[in-house]
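The values are calculated or read from the model by the stated rules, or taken from the named source; none is laboratory data. Quick caveat: nothing in here was measured; it's all calculated off a predicted structure. Note that we place each Cβ from the backbone using ideal geometry, even for glycine, and neighbour counts take in every protein chain shown. For the accessible areas, the whole protein counts, side chains as well, though only heavy atoms, and no ligand, DNA or RNA atoms are used. Shrake-Rupley method; radii C 1.70, N 1.55, O 1.52, S 1.80 Å.
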Amino acid sequence: VQWFKGGITNICYNCLDRNVDSGNGDKIAFHWEGNERGFHDSLTYTQLLSQVCQVANYLRDIGVKKGDAVVIYLPMLMELPIAMLACARIGAVHSVVFAGFSADSLAQRIMDCKPKVVLTCNAVKRGSKVIHLKDIVDAALSESEDACLTYENRSAMMRETTKWQDGRDIWWQDVVPTYSTICEVEWVDAEDPLFLLYTSGSTGKPKGVLHTTGGYMVYTATTFKYAFDYKPSDIYWCTADCGWITGHSYVTYGPLLNGATVVIYEGAPNYPDPGRCWDIVDKFKVTIFYTAPTLVRSLMRDGDAYVTRYSRKSLRVLGSVGEPINPSAWRWFFNVVGDSRCPISDTWWQTETGGFMIAPLPGAWPQKPGSATFPFFGVQPVIVDEKGVEIEGECSGYLCVKSSWPGTFRTLYGDHERYETTYFKPFPGYYFSGDGCSRDKDGYYWLTGRVDDVINVSGHRIGTAEVESALVSHPQCAEAAVVGVEHEVKGQGIYAFVTLVDGIPYSEELRRNLITTVRNQIGPFAAPDRIHWAPGLPKTRSGKIMRRILRKIASRQLDELGDTSTLADPGVVDQLIALADC
């Protein structure tokens, strides 16, 4: 796949210089709201360009060149998109790692992409909790010689209490402001790499999704403009973190390419109370609010009063991202948050697609709660059966795409074979999304979730193999099988069946230790919601674990277990059912 090959461009230039040169230099690019009330800041397009140039000049000065990787492990400070844009300005490839990942996960990504430098900060406060990011980076870098540029986030922790390694660690505030605010642009080919973003795969090893520049730039700019009905007077807030694709496409690049004013929030959406989102909406007069179904369900559970005490009169378009939104949450979002007057852009897309694939255009056609409606311009989705045959009309099956689009990723870093095997081999001639989908009689698309071994928790894709390998790393765990189950707030929860080493008794303490092991190795967001003790696992005679049966046991659909006679030991199923409440 190639788009605009031979075209020369630079996405940072198009996000910043182009807006300043067209007379919008004094327009606010970012409003930043800190975790604690009272901490806020903003940058105009001119100020943002100056700060990006300073970071870009620093990176060049330490030897970062076009094509080199830079790992960014930062919370939602303005310095995060600034660092991304600085890399893009000099043709470096940024790899943002979500600041909720553990040291092991960060180290894995550092070893894979071999960056010239890691950018981080000393700590961040999320809600009432201080997270020591620099300590996590130190643990991840224990095997590496990489330079570490650290931003002092004073609202969370002072530099005096930060652990330091002379000769490697550098304070951002000590060096970056000394550089020139003018930095020459490195012009790149449309097909030159822009960023690497690691996403969970079903094998346990994260996949380095590689996006290039030109097609991605055109696609994020266009999808942002039309799917949100963007106007120059809008104030836009996407609650996603830049550690995920949504923060790349719809916090940083898509909005800035359109000259938008973007709100960035550092903290937890329910801190100090569940009304914080609407407090921020009123404070900055947010007009477009884009968030995840998980947050919608969480706030819905906290009751309407936290919403209705705020005006929210500025809102005109709402958006949903990360997973299918269930109809009851959609209705609450529409009726309570949007006062039944704001259309909802319920968007379906993936890390791999770069931008929206199926999404409503606000006001253009009737919406159906829970449906992503119709494909974006030029996107050709198809639903196929198990044999890869396209199904017409009202149907259910596997969601594929039959021709390329500008925002699609080009490869998996260092593993092009896996790229072909995962996305193009299952149904030859099509891109396979890994999602199930149905289409109703009116042609509306309804996403039904993952069909492979990836769980979607709060919009975060987590490979079951990744969680299983973390569990099995515990010395008392012999085997583990993980499945996704429906979760009222998170969409899907992580349900783990665990077989212990012979002679080890079941205990609550061991259950807690197993959960802690996963938290430490992957991150808190991957912690199992439930550990189900399993004397054995339902396997075929060839040794394959029958996850279909485990899903039915986990969701208590015991009348739908189906034929278990083909299992090597059918008696295991009864044992698991008996231990369901232990």
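Of the trypsin sites (Lys or Arg not before Pro) in the stretch 382-471, the ones in a loop by DSSP (not H, G, I, E or B) with at most 10 other beta carbons within 10 Å are LYS387, LYS441. Helix 214-227 and the long axis of the chain differ in direction by around 80°, with both axes built from C-alpha atoms. Which of the trypsin sites (Lys or Arg not before Pro) found in the stretch 466-546 are loop residues per DSSP with 13 or fewer other Cβ atoms within 10 Å of their Cβ? Answer in residue order: ARG541, LYS544.
Rounded to the nearest 0.05, what FRET efficiency do SER180 and ILE8 have when you use their Cβ-Cβ distance and R0 = 22 Å?
On the way: r = 24 Å, r/R0 = 1.09.
Plugging the Cβ-Cβ distance into 1/(1 + (r/R0)^6) gives 0.35.
Along the axis of the charge dipole computed for the chain (Cβ charges of +1 for Lys and Arg, -1 for Asp and Glu, origin at the Cα centre), the listed residues VAL307, TYR265, THR517 are led at the positive end by VAL307.
Rounded to the nearest 500 deg cm²/dmol, what is the calculated helix-only ellipticity per residue at 222 nm for the chain, with -39500 (n - 2.57) per DSSP H run of length n ≥ 4?
Details: 16 runs with 144 residues, N = 582.
Rounded to the nearest 500, the figure is -7000 deg cm²/dmol.
Note on GLN173/ASP574: beta-carbon distance plugged into 1/(1 + (r/R0)^6) with R0 of 51 Å gives a FRET efficiency of 0.20. Considering only CYS242, ALA227, MET217, and ranking their Cα positions along the charge dipole of the stretch 189-343 that arises from unit charges at the beta-carbon of Lys, Arg, Asp and Glu, the one farthest toward the positive end is ALA227. Restricting the GluC sites (Glu not before Pro) of the stretch 454-558 to loop positions (DSSP other than H, G, I, E, B) with no more than 16 neighbouring Cβ atoms within 10 Å leaves GLU488.
Out of the DSSP beta bridges found with both residues in the stretch 139-275, what percent are antiparallel (nearest 5)?
Bridges in the stretch 139-275 that DSSP calls antiparallel: roughly 50 percent.
Carbon and sulfur: what percent of the stretch 342-490's accessible surface (1.4 Å probe)? Mind showing how you got there, number by number?
Details: 3010 of 5710 Å².
The C+S portion of the solvent-accessible surface of the stretch 342-490 is 53 percent.
Computed from label points 7 Å out along Cα-Cβ, the spacing between LYS116 and ASP304 is 5.7 nm.
Roughly how many Å² is the accessible area per residue of the chain, as a whole number, for a 1.4 Å probe?
Details: 22200 Å² over 582 residues.
Value returned for the chain: 38 Å² of accessible area per residue.
For the listed residue pairs LYS285/LYS368; LYS205/LYS387; LYS205/LYS490; LYS441/LYS490; LYS114/LYS207, the alpha carbons are over 18 angstrom apart in LYS285/LYS368; LYS205/LYS387; LYS205/LYS490; LYS441/LYS490.
Ignoring any ligand, DNA or RNA, what whole percent of the accessible area of the stretch 63-159 comes from carbon and sulfur when the probe is 1.4 angstrom?
Answer for the stretch 63-159 is 52 percent, counting heavy atoms of protein chains only.
Between SER328 and TRP164, the modelled labels are 5.4 nm apart [label points 7 Å from Cα along Cα→Cβ].
For the stretch 239-287, what is the relative contact order in percent, using Cα pairs closer than 8 Å and at least 6 residues apart in sequence?
Working: 20 pairs, mean separation 10.2, N = 49.
Averaging sequence separation for qualifying contacts and normalising by length gives 21 percent for the stretch 239-287.
Set the Förster distance to 41 Å, then compute FRET efficiency between ASP502 and HIS416 from the Cβ-Cβ distance, nearest 0.05. In this case the efficiency is close to 0.45.
Under a model in which nothing but the beta-carbon of Lys, Arg (+1) and Asp, Glu (-1) is charged, the chain shows a dipole of about 780 debye around its Cα centre. Each residue, VAL389 and ARG512, gets one label point 7 Å from its Cα in the Cβ direction; the gap between the two is 5.7 nm.
What is the extension gain from THR564 to LYS285, computed as 0.36 nm multiplied by their sequence separation minus the C-alpha to C-alpha distance, in nm to one decimal?
Working: separation 279, 0.36 × 279 = 100.44 nm, distance 5.75 nm.
Difference between extended and current length: 94.7 nm.
Can you give the extra length, in nm with one decimal, that the chain gains between ARG530 and SER233 once fully stretched, where that is 0.36 nm per residue apart less the Cα-Cα distance?
Values: separation 297, 0.36 × 297 = 106.92 nm, distance 4.65 nm.
Gain on stretching ARG530 to SER233: 102.3 nm.
Work from the charge dipole of the stretch 396-504 (Cβ charges, +1 for Lys and Arg, -1 for Asp and Glu, about the Cα centre) and give the residue of THR411, VAL457, VAL489 farthest towards its positive end. The one lying farthest along the dipole's positive direction is THR411.
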